[in-house]
Amino acid sequence: MRAKTTKFQDSENLIVWEERFSIGIPIVDGEHKRLVEMCNELYKAIVSGKTDERKTFVFNTLKECADYVRTHFIHEEKLMQVCGYKDFEAHKKEHSEFAKKVLEKCRNFEKETYYSSMNFVKFLYGWILSHIAHTDRLFVDDLKTYLKNNKK
């Protein structure tokens, strides 16, 4: 099944946040928005054309992204565990594979070229759209049910 075609770019950003990306959990939505911002920052750094500045900024953004996704994934995984999300292990595996790819990119940064950086930002773009817009939505009903049943 093909995803709905939408204009995701504006004049300077690779991804434009849309409300349809929201899952309705404010802390998670805020973290997702920050991931989109980081992807846009990385994209802007890559296309800036200034090789030395670009490499430094790309590297710093990659490091920030690696640290941030680790924190974000811990938050999400705790929420999934507390609500008893049935596909927790599969979701956690997706997180691990993504984090591994980001860390690998950081470790091999000296080999980076413009094209490999663009391929990586395209990977981020695709992952953000598929994971945030679809996969993360799968645990929301369980979490909302848990929160409703455990109000104090």
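Being under 30 Å from THR145 (Cβ atoms), at pLDDT 85 or above, part of a helix (DSSP H, G or I) and over 13 Å from the mean Cα position of the chain (by Cα) is the requirement here; does GLU77 meet it? Don't jump to the end; show me each part of the working.
Numbers: under 30 Å from THR145 (Cβ atoms): yes; at pLDDT 85 or above: yes; part of a helix (DSSP H, G or I): yes; over 13 Å from the mean Cα position of the chain (by Cα): yes.
For GLU77, the condition - under 30 Å from THR145 (Cβ atoms), at pLDDT 85 or above, part of a helix (DSSP H, G or I) and over 13 Å from the mean Cα position of the chain (by Cα) - is met.
Test of understanding: among GLU110, GLU89, which residue is more than 24 Å from GLU19 (Cβ to Cβ), open to solvent by 60 Å² or more (accessible area, probe 1.4 Å), modelled with pLDDT of 85 or more and assigned to a helix (DSSP H, G or I)?
Values: GLU110 fails: modelled with pLDDT of 85 or more.
When all the criteria are applied, what remains is GLU89.
Which residue pairs have Cβ atoms closer than 7 Å, lie 6 or more positions apart in sequence or on different chains, and pair a first residue in segment 72-95 that is at negative phi and in contact (Cβ under 8 Å) with a residue 60 or more places away in the chain with a second residue that is open to solvent by less than 50 Å² (accessible area, probe 1.4 Å) and aliphatic (A, V, I, L, M)?
Short answer, once both residue conditions are applied: GLU76/VAL28; LEU79/LEU143; CYS83/LEU143.
Report every pair of residues separated by at least 6 positions or lying on different chains whose Cβ atoms are under 8 Å apart, first residue within segment 17-42 and more than 17 Å from LEU124 (Cα to Cα), second of a type in the set (D, E, K, R) and open to solvent by less than 50 Å² (accessible area, probe 1.4 Å).
Here the result reads SER22/ASP29; ILE23/ASP29; ILE23/ASP136; VAL28/GLU76; VAL28/ASP136, each pair linking segment 17-42 to a residue that is of a type in the set (D, E, K, R) and open to solvent by less than 50 Å² (accessible area, probe 1.4 Å).
Do we have any residue at all in segment 24-37 that's more than 18 Å from THR135 (Cα to Cα) and either modelled with pLDDT of 90 or more or open to solvent by less than 70 Å² (accessible area, probe 1.4 Å) (or both)?
Just the residues of segment 24-37 that are more than 18 Å from THR135 (Cα to Cα), to begin with: 37.
Then keep just the ones that are either modelled with pLDDT of 90 or more or open to solvent by less than 70 Å² (accessible area, probe 1.4 Å) (or both); that gives 37.
Looking for residues that are more than 18 Å from THR135 (Cα to Cα) and either modelled with pLDDT of 90 or more or open to solvent by less than 70 Å² (accessible area, probe 1.4 Å) (or both), one finds at least one in segment 24-37, hence yes.
Are any residues in segment 119-152 open to solvent by less than 20 Å² (accessible area, probe 1.4 Å), aliphatic (A, V, I, L, M) and modelled with pLDDT under 90, and if so, which ones?
VAL121, LEU124, ILE128, ILE132
Just one of the numbered conditions (1) open to solvent by less than 70 Å² (accessible area, probe 1.4 Å); (2) of a type in the set (S, T, N, Q); (3) closer than 22 Å to VAL140 by Cβ is not true of GLN81; which one?
Condition not satisfied by GLN81: (1).
Look at LEU103 and say whether it is part of a helix (DSSP H, G or I), under 30 Å from LYS148 (Cα atoms) and out of contact with any Leu (no Cβ under 6 Å at 6 or more places or on another chain). Give the derivation first.
Working: part of a helix (DSSP H, G or I): yes; under 30 Å from LYS148 (Cα atoms): no; out of contact with any Leu (no Cβ under 6 Å at 6 or more places or on another chain): yes.
Criteria not met by LEU103.
Condition (residue is within 21 Å of LEU14 (Cα to Cα), out of contact with any strand residue (DSSP E or B) (no Cβ under 7 Å at 6 or more places or on another chain) and among the hydroxyl-bearing types (Ser, Thr, Tyr)) applied to segment 35-47: is it met by at least one residue? Reasoning before the result, please.
Taking segment 35-47 first, the residues within 21 Å of LEU14 (Cα to Cα) are 35-47.
Filter again for out of contact with any strand residue (DSSP E or B) (no Cβ under 7 Å at 6 or more places or on another chain), leaving 35-47.
So of that shortlist, the ones also among the hydroxyl-bearing types (Ser, Thr, Tyr) come out as 43.
Looking through segment 35-47, at least one residue is within 21 Å of LEU14 (Cα to Cα), out of contact with any strand residue (DSSP E or B) (no Cβ under 7 Å at 6 or more places or on another chain) and among the hydroxyl-bearing types (Ser, Thr, Tyr).
The values are calculated or read from the model by the stated rules, or taken from the named source; none is laboratory data. Quick caveat, the model's predicted, so the values are computed rather than measured. As a convention, Cβ positions derive from the backbone with ideal geometry for all residues, glycine included, and neighbour counts pool all protein chains shown. When the accessible area is computed, the model is the full protein with side chains, heavy atoms only, and any ligands, DNA or RNA have been set aside. Shrake-Rupley method; radii C 1.70, N 1.55, O 1.52, S 1.80 Å.
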